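The values are calculated or read from the model by the stated rules, or taken from the named source; none is laboratory data. Note that this is a predicted model, so its numbers are computed, not measured. All Cβ positions, glycine included, derive from the backbone under ideal geometry; neighbour counts span all protein chains shown. Side chains are part of the model used for accessible areas, which takes the heavy atoms of the whole protein and leaves out ligands, DNA and RNA. Shrake-Rupley method; radii C 1.70, N 1.55, O 1.52, S 1.80 Å.
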Amino acid sequence: MAALIDVILPVFLVIGFGYVAVWKGYFSDSSVEGLMKFTQGFAIPCLLFRAISALDLQQNFDLALLTSFYAGAFAGFVTGLLGARYIFGRDWEDSVVIGFCCLFSNSLLLGLPITERAYGVTALEANYAIIAIHSPFCYMVGITAMEIARNRGGSVAALPGKVLNAMFHNALIIGITLGFVVNLGGIPLPSVLTDALDLMIRAALPAALFGLGGVLYRYRPEGDMRTILFVVAVSLVLHPLIAWGLVRANDLSDAALRSATVTAAMAPGINAYVFANMYGKAKRVAASAVLMGTALSILTVWVWLAVLP
């Protein structure tokens, strides 16, 4: 019960404040759009840039850790894709979007603050290692699958260019890439720049959580309930179960086990809806899965925190 009150509820209360503010008309849709544009286009890319640029890559980029997490993520994508196609009879493009919903856990807006509150700031290094390739990996898988589905019988030669073009128009990936450039190049950053970045970073997660609440109010569940519950089950149960089992099998540290499992246990991120909206497919499923998954993760994350050492 202490984990629920001290770790999980403060994060979800901030989301709830945003939800209620939009519901009651104290915060407009245009304000939510502006806030999310600020956080996802500027503040969070700054956070990722700063974290990756200062990360000890040799110590934290553990291949076994990343394999454990992303094997679970990819298994979720395949399960969602095939389940949507063969259980729920969706077309291939809808199925790719539903698979992407099962793939893209909310590693940033939920994973970081919950891990920090549960285990402290020093526990976030493994989270940052996972997050560093999270958007590139997920978008590469999702965009590649979607372009294959849309391009059946078309030219394969144009596929890599389409995938790279879509990926590098994403501010999160640009922030991560620049962080790697600074880190690997050993480029010193002037203190005036790092101080400015730190000011942006302090605003990133609280503002993003508040904005997420406003976004979730707009996308209340409507229809497709069986498909939505399927996505939520894959995201909240299958992915963390696989990640937890593989980290244990690889005999990794408790810190790695916590970061991988907690991050995997997060609900589908708002990027699931962004991806659905980008292609105009399965938008209702994506939006409702984000909302229901986020609400239900209050309980499922509590269970995972109780299981973890």
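At-a-glance table
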quantity	calculated
Segment TRP23-VAL192, extension gain: residue separation times 0.36 nm, minus the distance between their alpha carbons	56.8 nm
DSSP loop trypsin sites (Lys or Arg not before Pro) with at most 15 other Cβ within 10 Å excluded, longest remaining stretch of the chain	153-309
Candidate values [x] 61, 53, 40; [y] 61, 45, 40; [z] 53, 49, 44, label of the one derived for Cα extents along the principal axes in Å	[z]
Calculated FRET value between ASN277 and ARG202, using beta carbons and R₀ = 41 Å, to 0.05	0.90
Largest to smallest principal axis extent of the C-alpha atoms in region 94-216, angstrom	52, 36, 25
Cleavage-rule hits, chymotrypsin sites (Phe, Trp or Tyr not before Pro), region 15-124, DSSP coil, Cβ neighbours within 10 Å at most 13	TYR26
Extension gain (nm, one decimal) between LEU13 and ASN165, 0.36 nm per residue minus Cα-Cα	51.0 nm
Label-point gap, in nm, between LEU63 and VAL303 - each point 7 angstrom along Cα→Cβ	3.4 nm
Probe 1.4 Å, accessible area per residue of the chain, Å²	43 Å²
The chain - mean residue ellipticity at 222 nm from DSSP helices (-39,500 (n - 2.57) per run, n ≥ 4, rounded to 500)	-23500 deg cm²/dmol
Proximal lysine pairs, the chain, alpha carbons under 22 Å, eight or more residues apart or interchain	4
Added length on full extension, which subtracts the Cα-Cα distance from 0.36 nm per residue, LEU184 to MET140	13.6 nm
Simple spin-label estimate for TRP92 and ASP251 in nanometres, 7 Å along Cα-Cβ	4.4 nm
Label-to-label distance, nm, for residues given as LEU229 and SER31 (7 Å Cα→Cβ offset)	3.7 nm
Cβ-derived FRET efficiency at R0 25 Å, ALA71 paired with ARG284, nearest 0.05	0.25
